[in-house]
Amino acid sequence: MSTTESCPIPTVSPPKHLESSIPADNAEPVSDNVPKYLQESGVTEECKKLILSLPTEKGWVANHLHQYQGFWHTTRHLQALLTCQRHFQAEDSDILLVTTPKSGTTWLKAMVFALMNRDQYPNNNDHHPLLSENPHVLVPFLELRLYIDGQVGDFTTFRSPRLFGTHLPFVSLPETVKNSPCYLVYLCRNPKDTFVSLWHFTNKLRKKGMGMGTNSLEWSFDKFTRGVSLYGPFWDHVLEYWKESLENPERVLFLKYEDMKEQPKVQVSKLAKFFGRPFSLQEETNGVVDGILKLCSFENLSNLEVNKTGKLDTGEDFNTFFRQGEVEMLRII
Ligand code: A3P
């Protein structure tokens, strides 16, 4: 299958030996009490047909993961990915924040939102949107939110530059994104911390959403290291964007979670410069950079009422996006 095709839906009947991978045939139904992307209902015939031709494995929370264009997706977000590939029209000024799950997406979204809206919402503003809205509301995911119902998203309320989040691997980005000069910021986190965070996160979803037991560390580690995790293989995801950032440094900025923890001021200034909105001397002396870092810190965001009790309309509890927020790379679990 060509990796540049945007939506290679097979037109032939699936081979008989793959029929056992049809979700409805061999799976416990996934509760509606979990985020939409983990549900397996409401999938189009077209998507079901595609799934029959794809490698399928048991998921961490949802029953199935399907490998499409080399990466693993749940049933529902595979459908969303296809719709997004088909319909998303990138604008030159768009900013896409890209991560693998649990690499610090929430943090990056908060920082870029605060950075890009710093004139309209100074940090000392009691009405700053980040104080009353979760970063995933302010910077929505393309495939996990705007296209999750398999319908064309509503973009009428977005102001330019539009900010979006995505976990899509580079190969699966809509062609209009690949062909436009829009900005891509990739945040990478070391695989050990990403894995541990994902393990906790998925077990929380299993327990809360479906009353299921925990996946053992061994089972999850085996899956992760074989690349069978949401948007995995982890290294392929990272390497695609790393390569792109080397080839197109003015378009793709590659950041690391660990650097953001160690030198937050340097990294946020790098971001500002990348978007062509560097901090002025006056902003630096007035504490604008420090203010953004404080506003977006783990301590601040995780203690806000909205992030303790709120929920996305697609079902994700905001508090699941905050756990420790530390670099634990060298410590034993
Ligand atoms: P841990 O589980 O290691 O604590 P994502 O946003 O991609 O889902 O990633 C979630 C991880 O980022 C979690 O890691 C979470 O605690 C951490 N995180 C969330 N907000 C953060 C912030 N403001 N600063 C640093 N880390 C943050």
Legend entry - Single residue of the stretch 193-227 satisfying the filter (closer than 17 Å to residue 62 by Cβ and β-branched (Val, Ile, Thr)) that is nearest to the chain's Cα centre (by Cα): 202
Inset, instruction - Being at pLDDT below 95, part of a loop (DSSP other than H, G, I, E, B) and of a type outside the set (Ser, Thr, Tyr) is the filter; apply it to the stretch 313-323 and report the residue that is farthest from the ligand (Cβ to nearest atom). - result: 313
Legend entry - Criterion: in a loop (DSSP other than H, G, I, E, B), of a type outside the set (Gly, Ala, Ser) and closer than 21 Å to residue 264 by Cα - qualifying residue of 126, 149, 119: 119
Inset, instruction - Quick one: in the stretch 297-312, of everything that is in contact (Cβ under 8 Å) with a residue 40 or more places away in the chain and within 19 Å of the chain's Cα centre (by Cα), which residue is farthest from the ligand (Cβ to nearest atom)? - result: 310
Inset, instruction - Mind telling me which of the residues 269, 297 ends up being more than 30 Å from residue 36 (Cα to Cα) and among the hydroxyl-bearing types (Ser, Thr, Tyr)? - result: 269
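Listed here are the residues, each with its yes/no results for (1) over 12 Å from the mean Cα position of the chain (by Cα); (2) among the charged types (D, E, K, R); (3) part of a loop (DSSP other than H, G, I, E, B).
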| residue | (1), (2), (3) |
| --- | --- |
| 82 | yes, no, no |
| 85 | yes, no, no |
| 92 | yes, yes, yes |
| 98 | no, no, no |
| 103 | no, no, yes |
| 107 | no, no, no |
| 111 | yes, no, no |
Inset, instruction - Run down 273, 265, 243, 294 and say which single residue is more than 21 Å from the chain's Cα centre (by Cα) and either away from the ligand (no atom under 16 Å from the Cβ) or part of a loop (DSSP other than H, G, I, E, B) (or both). - result: 273
Inset, instruction - Spot the failing condition for residue 171; the list is (1) part of a loop (DSSP other than H, G, I, E, B); (2) surrounded by fewer than 24 Cβ atoms within 10 Å (Cβ to Cβ), and only one is missed. - result: (1)
Legend entry - So residue 255, is it outside any loop (DSSP other than H, G, I, E, B), within 16 Å of the ligand (Cβ to nearest atom) and closer than 16 Å to residue 188 by Cβ: yes
Inset, instruction - Determine, yes or no, whether residue 145 is within 16 Å of the ligand (Cβ to nearest atom) and out of contact with any helix residue (DSSP H, G or I) (no Cβ under 9 Å at 6 or more places or on another chain). - result: no
Legend entry - Residues that are part of a loop (DSSP other than H, G, I, E, B) and either of a type in the set (Val, Ile, Thr) or under 26 Å from residue 183 (Cβ atoms) (or both), drawn from the stretch 297-312: 297, 312
Inset, instruction - Would you please list the contacts, defined by Cβ atoms under 7 Å and residues six or more apart or on different chains, that run from a residue in the stretch 161-173 that is farther than 10 Å from residue 71 by Cα to a residue that is at pLDDT 95 or above and among the basic types (Lys, Arg)? - result: 165/109
Legend entry - Residues (more than 6 Å from the ligand (Cβ to nearest atom) and out of contact with any helix residue (DSSP H, G or I) (no Cβ under 6 Å at 6 or more places or on another chain)) located in the stretch 99-110: 108
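The values are calculated or read from the model by the stated rules, or taken from the named source; none is laboratory data. The shown structure was predicted, so the numbers you read here are calculated from the model rather than taken from an experiment. Methodologically, a virtual Cβ is constructed for each residue, glycine included, from the backbone with ideal geometry; neighbour enumeration extends over all protein chains shown.
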